[in-house]
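Everything below concerns the one structure shown next.
The values are calculated or read from the model by the stated rules, or taken from the named source; none is laboratory data. Here the structure is a predicted model, which means the values were calculated and not measured. Neighbour counts run over all protein chains shown; Cβ positions are idealised from the backbone, glycine included.
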Amino acid sequence: MIPLPEFGAELKNLGFDFYSGVPCSYLKHFINFAINECEYVAATNEGEAVAIVAGATLGQKKSVVLMQNSGLTNAVSPLVSLIQPFRIPILGFVSLRGEPGVPDEPQHELMGEITPQTLDLLKIDWDYLSTNLEEAKQQLHRANEKIERNEPYFFIVKKGTFEPVGLQAQETKITTSVARPQSREDQLPTRYDALREINTLKDNQTVQLATTGKTGRELYDLEDAPNNLYMVGSMGCVSSIGLGLALTRREKSVIAIDGDGALLMRLGNLPTNGYCSPPNLLHILLDNNVHDSTGGQQTVSGNVDFVEVASACGYDQAIYVHTLEELKDCIENWKQDQKLTFLYMRIAGGSKASLGRPTLKPFEVKERLQVFLGD
């Protein structure tokens with residue numbers, strides 16, 4: 001079995017000290033170590049955890065994701081449509097529940113059989129983590145070589161790999177939130193006009209993350225800038241990427257621009273954001289009640305009070321924005337007095353005609369952003 005103080009020290013020596021993950025009985029001692037000794041963000045699901053460490057990696061922090069192999073299936077979307085096209089090098093540890101020949105619960109049987117093939121299909125290099133400390137250290141160095149080449153690397157962890165680590169006492173964090181609900185009629189501007197207002201207010205300390213689809217494309221059309229990130233795929237992950245980036249680059253102002261269909265897909269991101277509460281994260285939801293990029297199919301957003309949801313999830317303030325003028329005022333106020341803030345604005349359906357796409361490849365957008373961020 002691997003003693004985690006020594007194994008964790010080797011990870012720290014290689015620069016890995018930011019973690020996110022979801023509990024697993026096989027990884028519980030590793031998770032306890034990460035909570036006790038490092039910066040650890042407890043995610044609501046594995047896809048969210050991948051997006052959080054992706055954001056931390058954008059902020060130049062070498063990061064680790066921890067998950068059960070059943071959760072590997074939850075993480076497939078961000079692994080294939082975020083990690084791969086943007087070439088974001090994350091280190092992963094995935095447990096091997098349902099290992100063939102080892103008694104386990106029936107729900108793990110199939111996943112135990114296909115875990116190695118799943119990583120192969122995802123084109124992620126991997127290895128079984130040795131239970132010998134010195135061999136495991138050597139494996140870490142080989143994995144780090146991949147990370148340094150902007151490639152992800154995963155370890156499959158079998159039962160009984162880690163020596164026990166007790167969990168230190170954890171504080172329960174309670175946030176006092178202020179919610180400002182709808183108080184008058186909506187102006188219903190176009191998304192393009194709302195994005196123009198947001199973009200006009202950015203400065204050289206601001207990073208703008210635009211969710212996948214028409215939002216990213218319209219922001220690109222307005223102004224292609226080195227402090228913009230235009231998401232492709234990984235729908236619903238923009239605020240989690242923003243969380244990881246905001247936690248690791250607290251001197252920057254991070255604006256995550258979301259859509260209703262995307263946020264509904266990963267609504268569990270909100271309590272994680274609220275619990276971590278980085279003041280330098282502004283989460284803006286532009287709600288047109290449709291999936292605009294795929295033909296205008298209606299979402300269920302009309303049945304959701306996002307302001308109350310965000311407030312209940314721990315955002316310091318959640319504000320219903322009625323007009324472009326209010327949007328401007330709220331962003332300026334946040335910049336002057338930063339606290340985790342959620343802005344909700346209803347917008348008109350539709351998008352700019354003859355809308356182009358970014359000509360830069362996703363990894364080029366990432367590399368340009370990292371140059372903007374600096375060391």
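Couple of notes before you dig in:
- Residues of the range 73-103 classified as of a type in the set (A, V, I, L, M, F, W, C), in a loop (DSSP other than H, G, I, E, B) and over 15 Å from Ser234 (Cβ atoms), total: 2
- Among the residues making up the range 9-23, those that are surrounded by 22 or more Cβ atoms within 10 Å (Cβ to Cβ) and either of a type in the set (Val, Ile, Thr) or not in a strand (DSSP E or B) (or both) are Leu11, Val22.
- Test: Phe154 is in contact (Cβ under 8 Å) with a residue 12 or more places away in the chain, touching a Phe, Trp or Tyr at 6+ places or on another chain (Cβ under 6 Å) and under 19 Å from Leu79 (Cα atoms): yes
- Residue that is nearest to Tyr153 (Cα to Cα), among those in the range 38-64 that are out of contact with any strand residue (DSSP E or B) (no Cβ under 6 Å at 6 or more places or on another chain) and in a helix (DSSP H, G or I): Ala54
- Qualifying residue in the range 8-27 (condition: without any contact (Cβ under 8 Å) to a residue 60 or more places away in the chain, farther than 20 Å from Met231 by Cα and in contact with a Cys (Cβ under 7 Å, 6 or more places away or on another chain)): yes
- Single residue of the range 271-300 satisfying the filter (of a type outside the set (Val, Ile, Thr) and modelled with pLDDT under 95) that is surrounded by the most Cβ atoms within 10 Å (Cβ to Cβ): Asp292
- Screening Glu364 on (1) under 24 Å from the mean Cα position of the chain (by Cα); (2) touching a residue at least 60 places away in the same chain (Cβ under 8 Å) shows it passes everything except condition (2).
- Residues satisfying the stated conditions in the range 270-291, i.e. farther than 20 Å from Gly216 by Cα and of a type outside the set (Phe, Trp, Tyr): Leu270, Pro271, Thr272, Asn273, Gly274, Cys276, Ser277, Pro278, Pro279, Asn280
- Within the range 264-309, if we keep just the residues that are of a type in the set (A, V, I, L, M) and assigned to a loop (DSSP other than H, G, I, E, B), the residue that is nearest to Phe18 (Cα to Cα) turns out to be Leu267.
- Subset of the range 42-70 [among the β-branched types (Val, Ile, Thr), over 23 Å from Pro164 (Cβ atoms) and crowded, with 24+ Cβ neighbours inside 10 Å]: Val50, Ile52, Val53, Thr57
- Scanning the range 226-261 for residues that are in contact with a Cys (Cβ under 9 Å, 6 or more places away or on another chain) and surrounded by 24 or more Cβ atoms within 10 Å (Cβ to Cβ) yields Met231, Leu243, Ala246.
- Gly244 vs. criteria in contact with a helix residue (DSSP H, G or I) (Cβ under 6 Å, 6 or more places away or on another chain), over 30 Å from Glu6 (Cα atoms), in contact (Cβ under 8 Å) with a residue 60 or more places away in the chain and outside the structural domain of Val76 (by TED's automatic domain parsing): no
- Scanning the range 87-106 for residues being without any contact (Cβ under 8 Å) to a residue 12 or more places away in the chain and either buried (at least 23 other Cβ atoms within 10 Å of the Cβ) or aliphatic (A, V, I, L, M) (or both) gives a total of 0.
- Screening Ala318 against (1) farther than 24 Å from Gly213 by Cα; (2) out of contact with any strand residue (DSSP E or B) (no Cβ under 7 Å at 6 or more places or on another chain); (3) surrounded by 17 or more Cβ atoms within 10 Å (Cβ to Cβ) leaves a single unmet condition, (2).
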